[in-house]
1. Pick from region 1-52 the residues that are among the small types (G, A, S) and assigned to a loop (DSSP other than H, G, I, E, B): which of them is nearest to D73 (Cα to Cα)?
2. If you check D149, D154, D128, D145, which single one turns out to be of a type outside the set (S, T, N, Q), outside the structural domain of E71 (by TED's automatic domain parsing) and within 30 Å of F81 (Cβ to Cβ)?
3. May I ask you to say which residue of L99, L76, L106 is under 23 Å from the mean Cα position of the chain (by Cα) and modelled with pLDDT of 85 or more?
4. Going by the conditions given, is S60 part of a loop (DSSP other than H, G, I, E, B) and of a type in the set (S, T, N, Q)?
5. Mind listing just one residue for me: the one in region 141-171 that is part of a helix (DSSP H, G or I) and aliphatic (A, V, I, L, M) and, of those, nearest to A66 (Cα to Cα)?
6. Note down all Cβ pairs under 7 Å where the first residue falls in region 104-125 and is in the same structural domain as A35 (by TED's automatic domain parsing) and within 24 Å of I15 (Cβ to Cβ), the second is of a type in the set (S, T, Y) and part of a helix (DSSP H, G or I), and they're at least six residues apart or on different chains.
7. Checking N9 against (1) farther than 15 Å from A115 by Cα; (2) in contact with a Leu (Cβ under 7 Å, 6 or more places away or on another chain); (3) not aliphatic (A, V, I, L, M), which single condition isn't satisfied?
Amino acid sequence: MLDLTRIINGETKRITFEREYPVSDLSADILSGFALVKGFCEIRADSSDFIDFHADFCLSLNVICARCGGEFDTKLEFSLFYPVAAKLTNPDKDQDEYLILEDGKLDIDEISRTAMILNLPVRFLCGDDCEGLCPFCGADLNKADCGCDFSAPDPRLRKLKEYFNKEKNKG
């Protein structure tokens, strides 16, 4: 929890923070790594009702490629900005537009964890040109050609092919 009572009371206009989080529990594809989060909260110049929350994230990860299953290191960087309500002036207003303080404190651990999960890619790829694994023998096609015959049709699609041939012969 980040205590913002000094800002609310007018003792300071800015509070900085830096945290480091382990990230291996964010996704099954992440083997190890950490996130470094640096940021600040400062009083908004145009209003004493809102405090600006800004955080820069740098994730250093060891992950598994979704295509070939190989391990590789990667970095993700992104920033986060939210207004924080110093005082809840209108409880009827949509509260998804800003963060709300709890007793003058902001739970930056929860905010950071949520932001990291939402900014993770759907899948990790060791490269855009990753060939993946052979669907027949399981060889890593990035390392060598396995020699399997890819021209043979997938037996699971045989009935579909028969249907289209039948329709073609009708017409």
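The values are calculated or read from the model by the stated rules, or taken from the named source; none is laboratory data. Note that the coordinates shown come from a computational prediction; the quantities given were computed from them, not determined experimentally. Here the Cβ positions follow ideal geometry from the backbone for every residue, glycine too, while neighbour counts run over all protein chains shown.
1. S24
2. Residue meeting the stated conditions: D128.
3. Exactly one residue qualifies, and that residue is L76.
4. no
5. Step one: of region 141-171, the residues part of a helix (DSSP H, G or I) are 155-170.
From what's left, aliphatic (A, V, I, L, M): 157, 160.
Details: L157: 25, L160: 29 Å.
Among residues in region 141-171 that are part of a helix (DSSP H, G or I) and aliphatic (A, V, I, L, M), the one nearest to A66 (Cα to Cα) is L157.
6. Going by the 7 Å Cβ cut-off, the qualifying pairs are G104/T5.
7. Among (1) farther than 15 Å from A115 by Cα; (2) in contact with a Leu (Cβ under 7 Å, 6 or more places away or on another chain); (3) not aliphatic (A, V, I, L, M), N9 violates only (2).
Each row is one residue, and each column tells you yes or no for (1) hydroxyl-bearing (S, T, Y); (2) in contact with a Gly (Cβ under 7 Å, 6 or more places away or on another chain); (3) modelled with pLDDT under 85.
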| residue | (1), (2), (3) |
| --- | --- |
| R19 | no, no, no |
| D29 | no, no, no |
| S32 | yes, no, no |
| R44 | no, no, yes |
| L80 | no, no, no |
| K93 | no, no, yes |
